[in-house]
1. Exactly one condition in (1) touching a residue at least 24 places away in the same chain (Cβ under 8 Å); (2) touching a helix residue (DSSP H, G or I) at 6+ places or on another chain (Cβ under 6 Å); (3) over 11 Å from residue 152 (Cβ atoms); (4) surrounded by 15 or more Cβ atoms within 10 Å (Cβ to Cβ) is false for residue 55; which is it?
2. Residues to consider are 60, 70; find the one that is assigned to a helix (DSSP H, G or I) and either surrounded by 16 or more Cβ atoms within 10 Å (Cβ to Cβ) or in contact (Cβ under 8 Å) with a residue 40 or more places away in the chain (or both).
3. Which count do you get for residues in the stretch 40-53 that are over 14 Å from residue 9 (Cβ atoms) and either under 16 Å from the mean Cα position of the chain (by Cα) or in a loop (DSSP other than H, G, I, E, B) (or both)?
4. Which of the residues belonging to the stretch 131-152 are within 18 Å of the chain's Cα centre (by Cα) and surrounded by 15 or more Cβ atoms within 10 Å (Cβ to Cβ)?
5. I'm trying to understand the selection: among the residues of the stretch 91-111, which are in contact (Cβ under 8 Å) with a residue 40 or more places away in the chain and under 20 Å from the mean Cα position of the chain (by Cα)?
6. I want to confirm something. Restricting to the stretch 118-130 and keeping residues that are crowded, with 17+ Cβ neighbours inside 10 Å and without any contact (Cβ under 8 Å) to a residue 40 or more places away in the chain, which single residue is farthest from residue 2 (Cα to Cα)?
7. For the stretch 189-214, give me the residue count where each residue is assigned to a loop (DSSP other than H, G, I, E, B), touching a strand residue (DSSP E or B) at 6+ places or on another chain (Cβ under 8 Å) and either farther than 12 Å from residue 168 by Cβ or at pLDDT 85 or above (or both).
8. Is there any pair with a first residue in the stretch 1-21 that is at positive phi and part of a helix (DSSP H, G or I) and a second that is buried (at least 17 other Cβ atoms within 10 Å of the Cβ) and modelled with pLDDT of 95 or more whose Cβ atoms are under 6 Å apart and which are 6 or more apart or on different chains, and what are they?
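The values are calculated or read from the model by the stated rules, or taken from the named source; none is laboratory data. This is a predicted model, so every value here is computed, not measured. Please note: Cβ atoms are built from the backbone with ideal geometry, for glycine as well, and neighbour counts cover all protein chains shown.
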């Protein structure tokens, strides 16, 4: 029986509206619209039949997960290490230059150079070193046993980690950002992971773009 790992981007935050690079926990709260999105997500979550529900330490992720707790009856586990890619010197900036510098490093990682560092922030290597061990533990404890784990995390880091696990092309991961409450679903295979869904996209996957204009997506 194949288990599933569902990586969900949080609902709309106040910083999303302002296009700010908000990466340092606890970060901004959800907007009123974001709370509505989280409630809608909870209705979807019932069909996932989650065995485990996890959130990053960021406020917006925990607020997104709260309706899921009520819908699924699962206890929420708040886990270190699955927060957003740290923007360092670019934190809280909303200008074009800051966005471009953040995305330049991100693109370099996806194209095979995880040593590149966001100014004052993280390298791709550091992101994987904190995130992948958690994914590995979830696989060993739950997913490999046929369970479904739902993780409420963050757009950019979900895409980067999911690309490493699934082997999608760099262009696919760069172009196909996740909308608020969008999810990537991965299923276990005998030797790794298989991509089942990426946002609104399902297999077969090609280098198409959803055109989500959100730097943190």
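1. (3)
2. On the way: 70 fails: either surrounded by 16 or more Cβ atoms within 10 Å (Cβ to Cβ) or in contact (Cβ under 8 Å) with a residue 40 or more places away in the chain (or both).
Residue meeting the stated conditions: 60.
3. Of all residues in the stretch 40-53, those over 14 Å from residue 9 (Cβ atoms) come to 42-43, 46-53.
Those left that are additionally either under 16 Å from the mean Cα position of the chain (by Cα) or in a loop (DSSP other than H, G, I, E, B) (or both): 49-51, 53.
Number satisfying all stated conditions: 4.
4. So the first thing to find is which residues in the stretch 131-152 are within 18 Å of the chain's Cα centre (by Cα), and the list is 131-139, 143, 148-152.
Scanning the stretch 131-152 gives 131, 134, 135, 138, 139, 143, 148, 149, 150, 151, 152.
5. Taking the stretch 91-111 and keeping what is in contact (Cβ under 8 Å) with a residue 40 or more places away in the chain, we get 91-94, 98-99, 102-103, 106-107, 109-111.
Residues satisfying the conditions are 91, 92, 99, 102, 103, 106, 107, 109, 110, 111.
6. Taking the stretch 118-130 and keeping what is crowded, with 17+ Cβ neighbours inside 10 Å, we get 118, 121-124, 127-128.
Narrowing further to those that are without any contact (Cβ under 8 Å) to a residue 40 or more places away in the chain: 118, 122-124, 128.
Working: 118: 37, 122: 33, 123: 33, 124: 29, 128: 24 Å.
Only one residue tops the list, namely 118.
7. Initially, the stretch 189-214 is screened for residues assigned to a loop (DSSP other than H, G, I, E, B), giving 189-192, 199-200, 203-214.
The next check asks that each one be touching a strand residue (DSSP E or B) at 6+ places or on another chain (Cβ under 8 Å); those that pass are 199, 203, 205, 208, 210.
Applying the additional criterion that residues be either farther than 12 Å from residue 168 by Cβ or at pLDDT 85 or above (or both) yields 199, 210.
Number satisfying all stated conditions: 2.
8. Once the first residue is at positive phi and part of a helix (DSSP H, G or I) and sits in the stretch 1-21, no partner that is buried (at least 17 other Cβ atoms within 10 Å of the Cβ) and modelled with pLDDT of 95 or more comes close enough.
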